[in-house]
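The structure under discussion appears below in the form of structure tokens.
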Amino acid sequence: MTDLHQASTFPSSSPLGRLREARWLVAAAAVLTCGAWAFYAVPGVVAGSAFASMVFIAALFPRRTRSRRLEVVKQRELRRMWPGTGMKVTVDALPSPCFVADGRGITRYINKAALKVYGDLTPGDPLSFSLRAPSLLEAFDRVCSSGTAERISWTEKVPTEAWFEAYVSPVFMPGTAREPGSATRPDFVLVVIQDQSEQRRLERMRTDFVANASHELRTPLASLSGFIETLQGPAKDDVVARERFLAIMQEQAGRMRRLIDDILSLSRIELKAHVKPSGEVDLVDIIGHARDALDPVAREMGVTIETDMPETGAIITGERDELIQVAENLIENALKYGGSGGKVTLGVHATAGGADNGQWDLSVRDYGEGIPAEHLPRLTERFYRVNADSSRAMKGTGLGLAIVKHILNRHRARLEIESTPGEGATFTVHFPKKIRA
Ligand code: ADP
């Protein structure tokens, strides 16, 4: 730092800097001139002019002193060795991929995170071997010629859509003279890359959710406003029409209420996503409770509910109310969408031990139409439905399985969906018996 400061106070390209470098020569010339004037009777004007010319020449022409030559050699050596161990350790501690390249685009160091993502690049390879994004390479060139840092972002489409942001920063070695306001080529360039895909996906999910929720609410709201206008106008005195319209309005209001309840339920569960459940619950009791609650619905639909559960109970770590919500959602779906099979089977089975001391599997199987394979991976997405009309007709909101997934995530449980079209569907939840800290 001191060197850098001195260099920038009197740079060797300035007359003062050059005089400073030639200070011993100037001092010797001053002594000689005084001696010549005092002892050899050289006229004062001649001695003074000779000294002034000497000072003028020293200020005008740069000298390459030994110390300056040593400094240049030192700088060259520093550049050859850079980045040193300290820098490498620091760069390795960064969680993001990070590259150090020289001003010609040759890689000098690749941190551990970058090696994981970009594989077998070795120092000495051109940066473009691993970083192919044209906008990043263009930014690199710009930083090299301007000497100013840049932040850029770009999207990659293959193999999957991904978003990246890079910070490209010039590195000047101590002692590199930078003229104020002028573009100096940096000795090195640091490239730090951040994968923003997860963040972007979350943002997109949030905006999609708001758009979907508004869309779902707008339809019953429009229907309600339409009926209110009709009842105020043309059907004002039509008693039969009024009764019919009021029944539809009540149904639409119910749809809006169910949707708002599910949205609130989802946000409550999301708030608790990282809180480990602490209580102990019996899955047999949970299934029994959910079955009792849905028995009237099953009877109304002409569906028989069968159970296959252990007599001794199935204890897991969990929150009772949330697990009842899971069981009710799965059983209700089996009745709604698989009721045509006439039967729904509920099961609780133990699976052999492992790291978590074994698991309990809760399954809900129906014998209805089943679900085509292409829909299975997306069923737990918010508002995803195989058939939106049949879901709405069944008073579905499209949020049931999303709520189930969130509750299960909190319980460190996994949902598996299997289905053969025409033969029904099985929703199995694998619960660890104990949730480890
Ligand atoms: P919804 O409120 O529409 O029921 P869910 O999130 O509970 O929403 O379910 C999403 C979609 O998954 C449903 O619309 C339905 O198409 C499909 N689905 C869920 N369970 C079953 C099942 N047992 N059989 C067939 N399709 C099902």
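Just wondering, is there one or more residues in the range 388-398 that are of a type in the set (Asp, Glu) and over 30 Å from Arg255 (Cβ atoms)?
no
Output yes when any residue across the range 349-372 is outside the structural domain of Asp261 (by TED's automatic domain parsing), among the aromatic types (Phe, Trp, Tyr) and over 19 Å from Thr307 (Cα atoms), and no when none is. There is no residue in the range 349-372 that is outside the structural domain of Asp261 (by TED's automatic domain parsing), among the aromatic types (Phe, Trp, Tyr) and over 19 Å from Thr307 (Cα atoms). Condition first: in contact with a strand residue (DSSP E or B) (Cβ under 6 Å, 6 or more places away or on another chain) and aromatic (Phe, Trp, Tyr). Can you find one or more residues in the range 216-236 that meet it? No, there is no match, as no residue in the range 216-236 is in contact with a strand residue (DSSP E or B) (Cβ under 6 Å, 6 or more places away or on another chain) and aromatic (Phe, Trp, Tyr). Answer yes if at least one residue in the range 384-392 is surrounded by 15 or more Cβ atoms within 10 Å (Cβ to Cβ), basic (Lys, Arg) and in the same structural domain as Ala293 (by TED's automatic domain parsing), and no otherwise. Within the range 384-392 (the criterion being surrounded by 15 or more Cβ atoms within 10 Å (Cβ to Cβ), basic (Lys, Arg) and in the same structural domain as Ala293 (by TED's automatic domain parsing)), the answer is yes, since at least one residue qualifies. Could you say whether any residue in the range 411-420 is under 28 Å from the mean Cα position of the chain (by Cα), more than 30 Å from Gly313 (Cα to Cα) and in the same structural domain as Glu311 (by TED's automatic domain parsing)? No, because not a single residue in the range 411-420 is under 28 Å from the mean Cα position of the chain (by Cα), more than 30 Å from Gly313 (Cα to Cα) and in the same structural domain as Glu311 (by TED's automatic domain parsing). Exactly one residue out of Ala388, Ala413 is more than 10 Å from the ligand (Cβ to nearest atom), under 30 Å from Arg201 (Cα atoms) and small (Gly, Ala, Ser), and it is Ala413. For His406, the conditions (1) near the ligand (Cβ under 10 Å from one of its atoms); (2) within 26 Å of Ser267 (Cβ to Cβ) all hold with the exception of (1). Listed by first and then second residue, the pairs with beta-carbon distance under 6 Å, at least 6 apart or on different chains, first residue in the range 325-339 and assigned by TED's automatic domain parsing to the domain that holds Glu306 and hydrophobic (A, V, I, L, M, F, W, C), second near the ligand (Cβ under 8 Å from one of its atoms) and not in a helix (DSSP H, G or I), are Leu330/Val364; Leu330/Phe427; Ile331/Val364; Ala334/Val364; Ala334/Asp366. Being touching a Phe, Trp or Tyr at 6+ places or on another chain (Cβ under 7 Å) and either over 18 Å from Gln194 (Cα atoms) or not in a helix (DSSP H, G or I) (or both) is the filter here, so list the residues in the range 104-122 that pass it. Selection gives Gly105, Thr107, Arg108, Ile110, Leu121.
Kindly indicate whether Gly370 is within 12 Å of the ligand (Cβ to nearest atom), closer than 22 Å to Arg268 by Cβ and either crowded, with 20+ Cβ neighbours inside 10 Å or of a type outside the set (A, V, I, L, M) (or both). So Gly370 does not fit the description; no.
The values are calculated or read from the model by the stated rules, or taken from the named source; none is laboratory data. Keep in mind the model is a prediction, meaning the values are calculated, not measured. As a convention, Cβ positions derive from the backbone with ideal geometry for all residues, glycine included, and neighbour counts pool all protein chains shown.
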